[in-house]
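This report refers to the structure that appears directly beneath it.
What follows is calculated from the coordinates using simple rules that are stated; it is not laboratory data. From a predicted model like this one, the values you see are computed outputs, not experimental measurements. When we count neighbours, we look across all protein chains shown, and the Cβ atoms used for this are built from the backbone with ideal geometry, even at glycine.
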Amino acid sequence: MNDKLKLFIAVATLSVVGIIAYIPLGDFTLQQKAMIGISILAIVYWVTECVPIPVTGIVIILLEVVFGVFPLAKGLSYIASDVNMLILAGLVISIALSKYQLDRLLSLKILSFMGENTDKIVLGMMLATALLSMWIPNTAAAAIMAPVAAGMLELIRAEKGKSNAGKIMMIGVAYAATIGGIGTPVGTPPVPITIRNVKDATGYEITFAKWMAWGVPIALVLTIIAWKLLTLFYPPEVKSIPGGRSIVERELAKIGKLNKQQKTTLAIFGVAVILWLMDSFYPVLPNWTYIASLIIIILYLMPGVGTLSWDEVSREADWGVLFLVAGGLALGGGLRETGIVKMLADSIATGLTGASPYLVNIVIALVAGFSVTVFCSITATSSAFVPIAIAIASSLGMDARFTGIVAGIASCFAFLLPANTPPNAIAYSYGYFKNYEMAKVGLVLTLLSSIVLIAFMPVITLLTG
C-alpha cells in the first residue's frame, strides 16, 4: 500500500467518525455515536495499518477527548496506566537479560538436556522458547531461538522450503514464542489488558500468581500439542541431528561463567518475581503488582545497584506497544462508559439465549482466535474482543470473569499466517516453510487450543472463586 492510499484511508475514515457522530441516529447521544465511529476507525486503522499501529492508540484517545467521552486527564491516564507499568517492567527485564545473554543461556541450558534426537530437539527448542516468552516479549524470544534453530538445520544441510525438519523447527519456535506469553502477566500485552478489563467490568482483581496458576499449565499443554501436531504434519526426514549437542555446548562456552553483573541481573530478576507474587500470599498494598513493577524498573536503573543505564532502556524498549495498549484500553473504557458495549452484547446475547456456557465460550474463543488473522495484532485483537466478550457473558448471566479470560487468551492464537505476529514473521524470514504450510497446522492448532482453553474452565472457575 503506497503512502497516498494510506493517507486517503486515514482521512476518509476520520471523516466517517465525524459524520456518524453528528447525523441523527435514534436516541443515541453524541458520545455514543462518536464511540461507534471511533470503533470503526480503530478496526480500519489496525487492519490496514494506514497509520502506524501505536499511532492508532494515540488517535483513539485524542478522539475520545475531543468528543467528550473522557476528560483530557482520564484519556492521558491510559498511557500511564497500571497495565503499561507492568509491560514496561517486562521490557526492562528483557533488555537486562538480553544485554548479558542470560535469556540465551537459559534456552541453551534447556536444549543441552535434549540429546540429538530430532523430535526431542524440536520439543526442547519449543519449551525453551515458551519459557523465555513468559518473561520477555514474544518477538525477543523468537529472535533469540530462531538463529539457534538455523544452526541446527545447517548441520543436517536442511534444504529450505523442502526439509520437514526445517518446517517443524522454525514453525515450532514461532508457535512457542506466541504460546509462552500466555503464561504470565508480563509475557504478552493481551494478558494485562484482559486483567484490567476484567477488573473494570466485574471488580475482580486477578493477581500475578493466580494468572500463572492457569496460564503456565495452559501454555505448557498448548506447546506440547503444537509440537505433536508439527511432527505429525511434517515428520522430520532425519531422526537425529549429529553434532546438535556440540552446537549447544559451543554456544554455552561463548557465554562462559557468570560474572558479577550477570549475577546481579539474575538476582534482581528473582526479586522481581518475588515482588510480583507477594500479594497473592500476603496482603500488601492495593494495586501491588503495578507498584512492584515500578520498584523493579528503579532497581535495574539504580546507580550502584542496577545493571542498566537509562540510555540503554530508552534505545532498546519498544515504546510503541505502550501507546497501542493505552489506545486499546481507552477504546474498551469508552465503549463501556457510553453503554455501547452493553447494547452490542445484549444484541448478540439474544441469539445465544439458552446456549450452554461451554458452547458460548468456545464460540468466543474461536472468533477471537481466528480474528487475529484480520487484525494482525494480538494486542489489537484482545483490545477489541475482551470488553465485548465480558459484556456478552454478563448479558447471559454467565461468569464474565472466565469469558473475559477466554477471549484474552484466545486473542493470542496467532497460528495461521506469518503476517499474524512478529514471531511468525521472524521464523518465516529464514525461508524454511511456506505460508500454506503454517496455515495447515495453524488451523488445527487454533481449534484444539480453543477446546483446551474451555477444558480448563473448571480450574479457572475454582481459582477465581
Legend entry - Cα-based helix-to-principal-axis angle, 30-48 vs the chain, degrees rounded to 10: 30
Inset, instruction - Using the structure shown, select from Lys109/Lys210; Lys120/Lys440; Lys228/Lys440; Lys167/Lys239; Lys6/Lys434 the pairs with a Cα to Cα distance greater than 18 angstrom. - result: Lys109/Lys210; Lys120/Lys440; Lys6/Lys434
Legend entry - Calculated FRET value between Thr461 and Lys4, using beta carbons and R₀ = 51 Å, to 0.05: 0.45
Legend entry - the stretch 202-263: GluC sites (Glu not before Pro) in DSSP loop, at most 15 other beta carbons within 10 Å: Glu205, Glu237
Legend entry - Rounded to whole Å, sorted largest first: equivalent-ellipsoid semi-axes of the stretch 17-81, Cα gyration tensor: 21, 17, 7
Inset, instruction - Pop a pseudo-label 7 angstrom from the Cα along the beta-carbon direction at both Met343 and Val305 and give the gap in nm to one decimal. - result: 5.1
Inset, instruction - Quote the FRET efficiency, to the nearest 0.05, computed for Glu49 versus Lys257 with a Förster distance R0 of 56 Å and r equal to the Cβ-Cβ distance. - result: 0.80
Legend entry - Under 5 Å, built H, 5+ apart or other chain: amide partners of Ser240: Thr118
Inset, instruction - Could you list the chymotrypsin sites (Phe, Trp or Tyr not before Pro) in the stretch 209-304 that lie in coil according to DSSP, counting only those with at most 16 other Cβ atoms within 10 Å of their Cβ? - result: Phe281
Legend entry - Cα long-axis angle, helix 320-337 against the chain (0 to 90 degrees, to the nearest 10): 30
Legend entry - Degrees, to the nearest 10: 244-255 long Cα axis against longest axis of the chain: 80
Inset, instruction - Excluding residues fewer than 8 places away in the same chain, name every one of the lysines whose C-alpha is closer than 27 Å to that of Lys342. - result: Lys33, Lys74, Lys199
Inset, instruction - Take each of the peptides 180-190, 153-163, 364-374, 21-31, average the number of other beta-carbon atoms within 10 Å over its residues, and list them starting from the highest. - result: 180-190, 364-374, 153-163, 21-31
Inset, instruction - Return the distance in nm (one decimal) between the two label points of a simple spin-label model at Lys160 and Ile295, each offset 7 Å from Cα along Cα→Cβ. - result: 4.9
